[in-house]
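The values are calculated or read from the model by the stated rules, or taken from the named source; none is laboratory data. All figures in this text were calculated on a predicted structure; none of them were measured in a lab. Cβ sites come from the backbone with ideal geometry, for glycine too, and all protein chains shown count toward neighbours. To get the accessible areas, we keep the full protein, side chains included, count just its heavy atoms, and leave off ligands, DNA and RNA. Shrake-Rupley method; radii C 1.70, N 1.55, O 1.52, S 1.80 Å.
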Amino acid sequence: MQHGPAVRRRKLGAELRALRSGVGLTSGEAARLVGWHQSKVSRIETGASGVKPADVRLLLDAYAVDDAQLRELLLVLAGSEDRGGRHHWWHAYRGVLPPTYRDFISLESQASGMRTLETTVVPGLLQTPEYARAVTRSAVEGLDEDRLDALVEVRLARQDVLHAQPPLRLSAVLDEAVLRREVGGPEVMARQRERLVEAARLPQVRLQVLPFAAGAHIGLTGPFVIFSFLNTSDLDVVVLDHLTSSLYLERKEDLEAYSEAFNTLRAHALSPEDSLDLIAGTGHGA
């Protein structure tokens, strides 16, 4: 379990090491190709130090990596612009966002797919402004209006990943409690239900509801997110949110366990079509 920056550095380093090995180069030979000392290559590959996008580009050229999507992903992990061309827009909110939240947004902006179980609230990528404001006000005590406004702006800006080219593929399983819990009042919930229906009709979104009738399920231990990355599963990561921090699980065994759990939850959830019927029904006293 690690924190976001360390995870990204380590994953980037591991992928660069695999690419080097794939072309039959030692770390010393790779260093000579780009004019570095061997120790710099080793530090990058072990995640011991950060690496600039320009340095990653040099290594990718040396390893003859011509896969445009893989190059873009690795460059973004090194700090280059994200796929929407926005250079880490969340850095403008450094004074507002805790480091763990910035790390989460960074992963979200780089991922090609996101699988999420939510047991208490609507996923941030699908929240309306009013719902986001009500959730944030309740979750963070003592917020002044300016800080509240900034946090809601961030929540809404994150949603751009669903409309990027290519868009993030989102698969979400919501416990029925998410729909039953009244956040912000009846009017806010009515608009939020409409937003869920709208989002579920997007080709890049799959939304399912796990009904109360399903009984106890593996997701009762809490919500989680699985980020997937294009072309390589080695960069995939599970994120668990806690009250004061987030944990990042990257071991193959953890990824397999949570992927299996998500598949089980999807199998016990209503179909996307029946889920939309339940979402609409909760607005009529169902």
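Assign unit charges at the C-beta atoms only (+1 for Lys and Arg, -1 for Asp and Glu), then state the dipole size of region 132-286 relative to its Cα centre in Debye, rounded to the nearest 20. Can you show the working numbers first?
Values: 16 positive and 24 negative charges, 57 e Å.
With only Lys, Arg, Asp and Glu charged at Cβ, the dipole is about 280 debye.
Over the chain, with the other protein chains present, what is the accessible area per residue in square angstrom, probe 1.4 angstrom? Write out the running numbers ahead of the final one.
On the way: 13680 Å² over 286 residues.
Solvent-accessible surface per residue comes out at 48 Å².
If we count GluC sites (Glu not before Pro) as exposed when they sit in a DSSP loop and have at most 16 other beta carbons within 10 Å, what is the longest stretch of the chain that avoids them all?
On the way: sites that count: Glu81, Glu141, Glu182.
Between exposed loop sites, the widest span is 183-286.
Can you work out ³J(HN,Hα) from phi for every residue in region 96-101, in order, using Karplus 6.51 cos²θ - 1.76 cosθ + 1.60 and θ = phi - 60°, giving whole Hz and x for Gly and Pro?
Couplings: 10, 8, x, x, 5, 6 Hz.
Could you work out how far helix 252-268 tilts from the main Cα principal axis of the chain, as a 0 to 90 degree angle to the nearest 10?
30 degrees
Just name one of Gln38, Leu174, Val239: the one whose Cα is farthest towards the positive end of the charge dipole of the chain (beta-carbon charges, Lys/Arg +1, Asp/Glu -1).
Gln38
Considering the dipole of the chain built from charges on the beta carbon (Lys and Arg +1, Asp and Glu -1) around the Cα centre, which of Gly113, Leu265, Gly47 is farthest to its positive end?
Final value for the positive-end residue is Gly47.
Once amide H atoms are placed 1.01 Å from N in the peptide plane, what residues at a sequence separation of 5 or more from Arg206, or on another chain, have their amide H within under 5 Å of its amide H?
Those qualifying (amide H under 5 Å, at least 5 residues apart or on another chain) are Leu170, Ser171, Ala172.
Quote the charge dipole size of region 152-243 about the Cα centre in Debye, to the nearest 20; the model charges only the Cβ of Lys and Arg (+1) and of Asp and Glu (-1).
On the way: 10 positive and 11 negative charges, 46 e Å.
In total the dipole reaches around 220 debye.
Please get the size of the charge dipole for region 96-201, origin at its Cα centre, with Cβ charges of +1 on Lys and Arg and -1 on Asp and Glu, quoted in debye to the nearest 20. The partial results should precede the final answer.
Values: 14 positive and 17 negative charges, 79 e Å.
The calculated dipole for region 96-201 is roughly 380 debye.
Going Cα to Cα from Lys40, which lysines come in below 20 Å? Please leave out same-chain ones fewer than 8 positions away.
By straight Cα distance, Lys40 reaches Lys11, Lys52.
Out of residues 5 or more away from Asp236 or on other chains, whose amide H comes under 5 Å of its own, with H placed 1.01 Å from N in the peptide plane?
HN-HN under 5 Å from Asp236: Phe229.
Could you sort Lys11, Lys52 by accessible area so the largest value comes first, with the probe set to 1.4 Å? Walk me through the intermediate numbers first.
Working: Lys11 15, Lys52 140 Å².
I get Lys52, Lys11, largest accessible area first.
Angle between the Cα long axis of helix 4-22 and the longest principal axis of the chain, 0 to 90 degrees, nearest 10?
Computed tilt is about 50 degrees.
Tally the DSSP beta bridges in the chain and give the antiparallel ones as a percent, rounded to 5.
Values: 13 of 25 bridges.
Once the DSSP bridges in the chain are tallied, antiparallel ones form about 50 percent.
Would you kindly derive the ³J(HN,Hα) couplings of region 201-208 from the backbone phi angles with the Karplus curve 6.51 cos²θ - 1.76 cosθ + 1.60 (θ = phi - 60°), listing them in order in whole Hz, with x for Gly and Pro?
8, 6, x, 8, 10, 10, 10, 10
Can you tell me the orientation of helix 129-139 relative to the chain, as the angle in degrees between its alpha-carbon axis and the longest Cα principal axis, to the nearest 10?
80 degrees
Computed from these coordinates, which is Rg and Dmax of the Cα atoms in Å: (i) 18.0, 51; (ii) 27.9, 75; (iii) 20.6, 70?
(iii)
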